[in-house]
Structure formats: structure tokens, C-alpha cells
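The values are calculated or read from the model by the stated rules, or taken from the named source; none is laboratory data. Nothing here was measured: the structure is a model prediction, and the numbers come from that model. In this analysis, Cβ positions are derived from the backbone assuming ideal geometry, glycine residues included, and neighbour counts consider all displayed protein chains. To get the accessible areas, we keep the full protein, side chains included, count just its heavy atoms, and leave off ligands, DNA and RNA. Shrake-Rupley method; radii C 1.70, N 1.55, O 1.52, S 1.80 Å.
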Amino acid sequence: MKAVAWAVTWLTKLSLYAAALIGAVMSTIVFVAVALRYVFHSPLPFTDEIVGLFFSAVVFLAIPYLFAGDRNIKVAMVVERLSPRWRSGVQFFSNLGIIVFFLLLGWLSFDFAAFSFAISARTDVAQLPVGPWMALLPLSSFLTALVVLVKTAFAPFGVEVGERQERLEETLSE
């Protein structure tokens, strides 16, 4: 179980590092585009397309990591007032809903991304292939569903996914 939790945590970290790298490149492109616009009065013509693709990549690649570390948005006003038994039941059904949502989103977006690959869809100005960027949504959705599934399945055994597991292992090893 710990090996599976470690592998899922590693995948979410890899996804986050990719998001951070893409975010840094996106920031550099925006900086260069603004500098060119104000210094040479000639911006890069494809900046909007690339920044849009990079921004969506950053968002979708960060989602699995957020769910792994319980950093996602939660409405806890009612749940916090429940007894521990009811709270765990509500958490279970909430996780089940999250898993179903991300599996459906992944399935539907997979069809959309596959269609983009099939027709060799490209952006308007820069003529960049759109398929790889669209493939990030089903990848992110399936990884997020896996994260929540593993967290839900392993929670009764005290095995956690994400950074809390790493902190626990550091504490146990000291």
C-alpha cells in the first residue's frame, strides 16, 4: 500500500513540477512580449495563443497535486459540526462523487483530445498542434481520480497520499 501511495504522490509531484516549469516559461514569454511591445512597438503575434495553452496546462497539471495534499477548496461549515463517524461517511461519499466527476471529465475530454489529434488541429496564428495540450485534461482528470481513489481506499489503514505522508515518514524515521 505504501508503494502505491508513494507512486501516486510521485506522479502528482511530477505533474506539479511540470506545471511550475510551464508557468516559468509562460511568465518569460509574457515578459518578452511586453518588453517587445513597449521597446520596439512590435509584440510577438502568437503570445496570446501560447499563453492560453500554457495557462490551461498549468491549471490542469496542478489539480492532482492539490487533491493529493488536501489543498482543494472545501465547504466545511456543516461537515465540521458532525460527529467523527458522520464526518467520515460524508467524506467517503464526497470522495466517491469526486472520483465519478473526474472519471466522467476524463472520459469526455479524452474523446475531444483524440478528435483533435485525428484532425491535426492547430492554433490560428502560430500553427501549434493543439492535441497535446488537450490531452492534458484527461491525463489530469484520470490522475486526480486515481489520487482520490487511493486516498479513500487507503485512509482506513493510515496510509496517506501527498505531502502529509512524506512528513509522517520523516517523523517516523527520526
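Taking every full run of DSSP H in the chain, the ones that stretch at least 20 Å from end to end by Cα along their long axis and average 1.0 or higher on the Kyte-Doolittle scale are 2-39, 47-68, 84-118, 136-154.
The magnitude of the dipole of the stretch 89-168, with charges of +1 and -1 set on the Cβ of Lys/Arg and Asp/Glu and taken from the Cα centre, is near 80 debye. Kirkwood analysis of the chain, using all unique Cα-Cα pairs, places the hydrodynamic radius at 18.4 Å. Comparing Cα centroids, the stretch 1-59 and the stretch 93-167 end up 18 angstrom apart.
Using 1/(1 + (r/R0)^6) with R0 = 41 angstrom and r between the beta carbons of Ala126 and Arg85, what's the FRET efficiency to the nearest 0.05? Computed FRET efficiency for Ala126 and Arg85 comes out at 0.15. Selection among His41, Leu104, Ala19 by position relative to the dipole of the chain gives Leu104 as farthest towards the positive end (Cβ unit charges, Cα centre). Structural descriptor for the chain: relative contact order 31 percent, calculated from alpha carbon pairs under 8 angstrom and at least 6 residues apart. Contour minus end-to-end for Leu104 and Ala153, with contour as 0.36 nm per residue of separation and end-to-end as the Cα-Cα distance? Extra length available between Leu104 and Ala153 comes to 15.7 nm. In a reduced charge model with +1 at each Lys and Arg Cβ and -1 at each Asp and Glu Cβ, the chain shows a dipole moment near 380 debye about its Cα centre. With a 1.4 Å probe rolled over the protein heavy atoms of all chains, the accessible area of Lys2, Lys13 falls in the order Lys2, Lys13, largest first. Per-residue ellipticity at 222 nm for the chain, helices alone: DSSP H runs ≥ 4 residues times -39500 (n - 2.57), over residue total, nearest 500 deg cm²/dmol? After summing the helix terms and dividing by the residues of the chain, the value is -26000 deg cm²/dmol.
Estimated from the Cβ-Cβ distance and a Förster radius of 41 angstrom, the FRET efficiency linking Ser27 and Phe92 is about 0.55. Name the long-range amide H neighbours of Arg122: under 5 Å, sequence gap of 5 or more, or other chain; modelled H, no Pro or chain starts. Answer set, sorted by chain and number: Val130.
For Met1 and Ala76, a Förster radius of 45 Å and the Cβ-Cβ distance give a FRET efficiency of 0.95, rounded to the nearest 0.05.
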